[in-house]
């Protein structure tokens, strides 16, 4: 859901390096090309490097396939013909590796507090993930590229409306993505869950609208300084667009929200009595502050941290959130936050060495504080979904994956059900599916690092239940 620390001592950012290499002799071994290896930091992360040469300069792109699998350029490195070196100044991390005589292997070490082996083998291409559920043409339905305006900002929102090959008008599901900048397919690590949902629903007779987030793909505007409430207006504009579309039955509009989208759908349903129903996929049932503290603890534990370290850092993280919410956004916030960290560092378990503690301090400065101190996060941390859930009247289907570490059902499922039960909704179903993660994939642990390694994009059982819920409630 949010980008959190996934390893206490090794915070490997997705970076790339601009190499300014010296001119070397004719016996220089070629380093250009693609390299693949793995970094074992509690969990195993597949690392790819692309090296390009432009005269005497080198461009290198590093990719972490199990985190954010796209190449991103960065800075500062050297290659002297046999040894490749580069660093991550903001993370106080570095890599140094020696290329083999045959030019097929770079044997190296990644250092960030602790040295970790990182050996890279030359490859012709990076392995392409198998995503058997991703829809492929020809399709037995119509796909229309559409645009409409946010009725308050005027920003253009672009997306795809799929409709069955029939006369209509059709019931429709408007898909609402989770947090962060998402394209219309909610693409993550090669998976396209919204494309999969749209394909399944449309084949069942349900039209689907999926759109690019503001500033993503073909949509205008920007997500900078936006909050969940701003995204509510985007979705409301989409609902109005659908009600005016000739192929759509305006009284059969359903909202399907994933993660943060599971907060947005009830907000809209609490005031729009014309909605036919909402589907909440891993939607939070508690305030963001509670959710993030548990999410952070579970993800750290899944990456191999000890229980003592997880408890210690969770206590600090909760205190840091409290400080953020009680402190004006001014120049004193960073100093106060670091002072708070220093106080907690005195209570750290013995396993947290002085060096590791200082590395984490820099991560708090460069990552934790900025990620918590922004308009979207401040809104999310304090927003109470219980209040809007109690106002929802339309049919509601809310579900979770048992192994979800990002919106843990152990925390959100009961409060969500209780809110619906005590509120105005007379037709609701809340359930949890075994062995599914936050993306509704069958998994072993629920760890974020599993997402890219799983071929399944979205559980077929869940797809069937979602479509069945909608079809059973057509008026």
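Readers should treat all values here as calculations from the given coordinates under stated rules, not as data from a laboratory. Bear in mind the structure is a predicted one, so any value in this text is a computation, not a measurement. As a convention, Cβ positions derive from the backbone with ideal geometry for all residues, glycine included, and neighbour counts pool all protein chains shown.
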Original post:
Where both residues lie in the chain, what percent of DSSP beta bridges are antiparallel, nearest 5?
Top reply: 75
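Determine the calculated [θ] at 222 nm for the chain from helices alone, applying -39500 (n - 2.57) to every DSSP H run no shorter than 4 residues and normalising by the residue count; nearest 500 deg cm²/dmol.
Details: 12 runs with 138 residues, N = 475.
Per the formula, -9000 deg cm²/dmol.
Say R0 is 22 Å: what FRET efficiency, to the nearest 0.05, do residue 76 and residue 361 get from their beta-carbon distance?
It comes out at approximately 0.50.
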Original post:
Tell me, 472, 199 in order of fewest to most beta-carbon neighbours within 10 Å?
Top reply: 472, 199
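Normalising by the residue count of region 389-440, find the relative contact order in percent from Cα pairs under 8 Å and 6+ residues apart. Provide the component values of the computation, followed by the final result.
Values: 87 pairs, mean separation 29.7, N = 52.
The normalised contact order for region 389-440 reaches 57 percent.
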Original post:
Stretched out fully, how many nm does the piece from residue 274 to residue 465 gain, at 0.36 nm a residue minus the Cα gap?
Top reply: 66.5 nm
Original post:
Between region 220-254 and region 396-475, what's the alpha-carbon centroid distance in Å?
Top reply: 23
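Got the relative contact order for region 340-433 handy, in percent, Cα pairs under 8 Å and 6 or more residues apart?
On the way: 70 pairs, mean separation 27.1, N = 94.
Reported as a whole number, the value is 29 percent.
How would you rank 208, 364, going from fewest to most other Cβ atoms within 10 Å of each one's own Cβ?
Least to most surrounded, the residues fall as 364, 208.
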Original post:
In terms of the Cα gyration tensor, with a ≥ b ≥ c the square roots of its eigenvalues, is region 288-379 rounded because a/c is under 1.5, prolate because a/b exceeds b/c, or oblate?
Top reply: oblate
Subject >> Spacing of the two label points (7 Å from each Cα toward its C-beta) at residue 327 and residue 453, in nm >> reply: 3.7
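With a/c under 1.5 counting as rounded, go ahead and sort region 369-437 into rounded, prolate or oblate using the C-alpha gyration tensor (a ≥ b ≥ c being the square roots of the eigenvalues; past the cut-off, prolate if a/b is larger than b/c, else oblate). Present the calculation step by step, with values, prior to reporting the outcome.
Working: a/c = 2.95, a/b = 1.28, b/c = 2.30.
The shape class here is oblate.
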Original post:
How big is Rg to Rh over the chain, alpha-carbon atoms, Rh as the Kirkwood inverse-mean-distance radius?
Top reply: 1.00
Original post:
Taking 0.36 nm per residue of separation and subtracting the Cα-Cα distance, what length does fully extending residue 334 through residue 204 add?
Top reply: 41.5 nm
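With the contact rule set at Cα under 8 Å and sequence spacing of 6 or more, what percent relative contact order holds for the chain? Kindly include the intermediate steps, with their values, before the conclusion.
Details: 1017 pairs, mean separation 68.0, N = 475.
Reported as a whole number, the value is 14 percent.
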